[in-house]
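The values are calculated or read from the model by the stated rules, or taken from the named source; none is laboratory data. Remember, predicted model here, so these are calculated numbers, not experimental data. Glycine gets a Cβ as well: all are built from the backbone with ideal geometry, and neighbour counts include every protein chain shown.
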Amino acid sequence: MGALAIVAMLVIANVFMTFAWYGHLKLQNMNVITGNTPLYVVILLSWVIALAEYCFQVPANRLGFHENGGPFTLMQLKVIQEAVTLIVFTVFTVVFFRGESLHWNHFAAFVCLIAAVYFVFMD
């Protein structure tokens, strides 16, 4: 499987992961669920969403790992996943939580993460 397909699977997995971890906050904000909703209900809802995340994350890692014929080392997979997570989370935050704003230090962190991706691919 090609590198772009693996990265696409990581992006899809991270969209589900972000909704599983933070979507309930937006649902609470929209009064779909309330602050009185039992925590176990919120956890179960998050687990259901996280199952979809695992359906993309696990195959992306398995198929993307060079020892299984994929294009990436384990370290490369992890750093790509972290970069994708930050990008997906940032888009999610800006789109769904309009009160959150980006500052210069957030962009500095992005630059550092992009540098990490660059360095992990160096020989």
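Key figures
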read-out: Of all residues in the stretch 28-49 being within 30 Å of residue 79 (Cα to Cα) and surrounded by 16 or more Cβ atoms within 10 Å (Cβ to Cβ), the one that is farthest from the chain's Cα centre (by Cα); value: 42
read-out: Residues located in the stretch 42-60, provided they are at pLDDT 95 or above, touching a helix residue (DSSP H, G or I) at 6+ places or on another chain (Cβ under 6 Å) and either of a type in the set (Val, Ile, Thr) or under 21 Å from residue 114 (Cα atoms) (or both); value: 57, 60
read-out: Counted residues, the stretch 56-74 - those being assigned to a helix (DSSP H, G or I), among the hydrophobic types (A, V, I, L, M, F, W, C) and in contact (Cβ under 8 Å) with a residue 40 or more places away in the chain; value: 3
read-out: For residue 99: the one exception among (1) over 20 Å from residue 15 (Cβ atoms); (2) in a helix (DSSP H, G or I); (3) without any contact (Cβ under 8 Å) to a residue 24 or more places away in the chain; (4) of a type outside the set (Ser, Thr, Tyr); value: (2)
read-out: Looking only at the stretch 90-112, and only at residues there that are surrounded by 16 or more Cβ atoms within 10 Å (Cβ to Cβ) and of a type in the set (A, V, I, L, M, F, W, C), the one that is farthest from the chain's Cα centre (by Cα); value: 96
read-out: Qualifying residue in the stretch 3-23 (condition: more than 24 Å from residue 123 (Cβ to Cβ), touching a Pro at 6+ places or on another chain (Cβ under 7 Å) and in a helix (DSSP H, G or I)); value: yes
